[in-house]
1. How much of the accessible area of the stretch B:3-246, in percent, comes from carbon and sulfur atoms when a 1.4 Å probe is used?
2. Let me have the 222 nm mean residue ellipticity of chain A computed from DSSP H runs of 4+ only, each contributing -39500 (n - 2.57), with the sum over all residues rounded to the nearest 500.
3. Restricting to DSSP loop positions (anything but H, G, I, E, B) with no more than 15 other Cβ atoms inside 10 Å of their own Cβ, which GluC sites (Glu not before Pro) remain in the stretch A:147-232?
4. Under a 1.4 angstrom probe, counting protein chains only, how are A:E127, B:E224 ranked by accessible area, largest first?
5. Which stretch or stretches of the stretch A:96-137 have amide N atoms under 14 Å from the point lying 7 Å from A:K185's Cα along the Cα→Cβ direction?
6. Rounded to the nearest 20 Debye, what is the dipole magnitude of chain B about its Cα centre when Lys and Arg each give +1 and Asp and Glu each give -1 at the C-beta?
7. So which residue, out of A:A224, A:A173, A:A260, gets the largest mean-square fluctuation from a GNM of chain A using Cα contacts under 10 Å as springs?
8. Given the protein chains as shown and a 1.4 Å probe, how many square angstrom of B:L3 are accessible, to the nearest 10?
Amino acid sequence: MPDRGARAGRAGEAAISIQGVEKSFGALRALKGVDLQVEQGEFFALLGPNGAGKTTLISLLAGLSRPDAGRLAILGHDTGSDYRAARRLVGIVPQELVFDPFFTVRETLRIQSGYFGIPPDRAWIDELLENLQLTDKADANMRSLSGGMKRRVLVAQALVHRPPVLVLDEPTAGVDVELRQTLWKFIRRLNGEGHTILLTTHYLEEAQALCNRVAMMKEGRIVALDTTRNLLAAHSHPSLSFGVAGDLPLPPALAARAQALPGGRHRLALGDFAEVEQVLAACRQAGLQVEDLEVGQADLEEVFVAIVSGAAQGRIPS
Amino acid sequence: MMLGFRTLLGKEVLRFWKVSFQTLLAPVVSTLLYLLVFAQVMSARSEVWPGVSYREFLVPGLAMMAMLQNAFANSSSSLIQSKVSGNLVFMLLAPLSPLEIFAAYALAAMARGMAVGLAVWLVTLFFFPHVPAHPLEVLLFGLLGTLLTGVLGMLAGIWAEKFDQMAAFQNFLIMPLTFLAGVFYSIRALPPFWQSVSRFNPFLYMIDGFRHGFFGYSDVAPLESLAIVAGSAIALSCSALVLLSRGWRLRH
Ligand SMILES: Nc1ncnc2c1ncn2[C@@H]1O[C@H](COP(=O)(O)OP(=O)(O)OP(=O)(O)O)[C@@H](O)[C@H]1O
Ligand SMILES: [Mg+2]
């Protein structure tokens, strides 16, 4: 992709900078002081349960609403005082499935391009349609598209002005598996070309596979912020699940740390993979025959549950 | 430069053009129905002004009424539909300035109003020839009037959050003001009290001035009408610009 936009930021300038941002809706404090910095070129996940404030934060970044306190900037451009530059530098995929029923897919993209002051670039629009598998729907009315197709049009609309920063609010909700993969392949490519990506999703395996850094939000605050690797290392462990022939009891040392699974199976959290051998040896010594062995990787879902439930403290670098 | 503005204007024009059956043809037909019914029922009426029959008197007023209502309908329905369906975000995400947004919605509303007016006038030519005495005056009042109600529609669209609020605005403000603006009668025919009340209705001046452009007769001095219409249009435009800059009811 001819990424004029991808290099628009000055070296060292944060792609997204959020400082002390607060936002209330009436008595409800949706954001209670959020600080967050996303560097250029990052693939960043903003995670959190329903109502945590992710969309509220994205609306502020997009200039769709205004903060009660604090400031937000895209590549150094304040979203309030320098809104024109800030909006040109960011593409937003909204969470709500919105569309204008008066127009076709291609018209929608041409119009969006024009809004940004960019003469519609047919080659780029065709490339977007191709990559999002919408080519055969280019001249279909928006109304006639399925939900997943409409969402892909939203992604294309966000990219039509080639923004260096792309913010996706649950872009894969309601998109089928195959298209989810093509979508991520495309977004990964954009990231490889230098685009900064911020995404929210409730599919944590997506975030784990794609993102180098993760912020977790809860009730209007960021409760964890670290690299995906550090979060996994700190809050999630490999695990071993297995059954025992004849459903015999585990040796006491193992039974104490085992968690019972359905079907008489057991699950043991491990410090590292080397422990697998120790567990198996202990079973052998007790004369047990281990069957149906499964080794589980650390996963972000476990981290998420630990942090969001309040059981663990996320590290928030100051 | 200004491509953002031109795109938004083009989109707003395309929006009514694509459904021109409802947005252009329907108002022309209903205006003609008014004309046929009223001209028939009131045919016994004497001339309103020397050489101006009631039927002739009716045409410019009805045309202007349709123009004003359609300019209002254009900006108000576009905004409320986009708000309710949520697709207003596409415009709000873009780096469009408040002035660009204002100008695009206002001009699209004027385009629809003027198109309806032109169509009504052309169709009535089939029934009887009537050519404006002062075409420039007709044009000026047409443009200012559709600007005024187009901006009023914008204000209503910015304010309203639901379709029924918009319907209330239309039924309790716009309709009474247009119907009581001397479309069907000259206000000289009213009792003095109602004449004075009518004087507070800005729609009166738009219709009266417009009609002066056709016949050279009016109830109010055309310059006075012009000043009132232009002044109101400017005041409403400034309010709309202020609201757009503040993002009132558009950006939380
Ligand atoms: N326009 C609004 N008016 C009133 N309350 C709002 C508004 N927008 C959001 N909220 C409230 O703010 C809180 C945060 O909502 P937000 O949409 O940001 O959550 P989220 O993290 O995006 O959740 P989800 O994962 O469900 O999308 C919620 O309690 C929500 O009810
Ligand atoms: Mg959300």
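The values are calculated or read from the model by the stated rules, or taken from the named source; none is laboratory data. Just so it is clear, the model here is predicted, and its values are computed rather than measured. All Cβ positions, glycine included, derive from the backbone under ideal geometry; neighbour counts span all protein chains shown. Surface areas here come from the heavy atoms of the whole protein model, side chains and all, with no ligands, DNA or RNA. Shrake-Rupley method; radii C 1.70, N 1.55, O 1.52, S 1.80 Å.
1. Values: 7450 of 10180 Å².
Here carbon and sulfur together make up 73 percent of the probe-accessible area.
2. Details: 11 runs with 106 residues, N = 318.
Estimated from H runs of four or more residues: -9500 deg cm²/dmol.
3. A:E193, A:E219
4. On the way: A:E127 55, B:E224 75 Å².
Greatest to least solvent exposure: B:E224, A:E127.
5. A:130-134
6. Numbers: 15 positive and 10 negative charges, 123 e Å.
Dipole about the Cα centre, nearest 20: 600 debye.
7. The residue that fluctuates most here is A:A260.
8. 30
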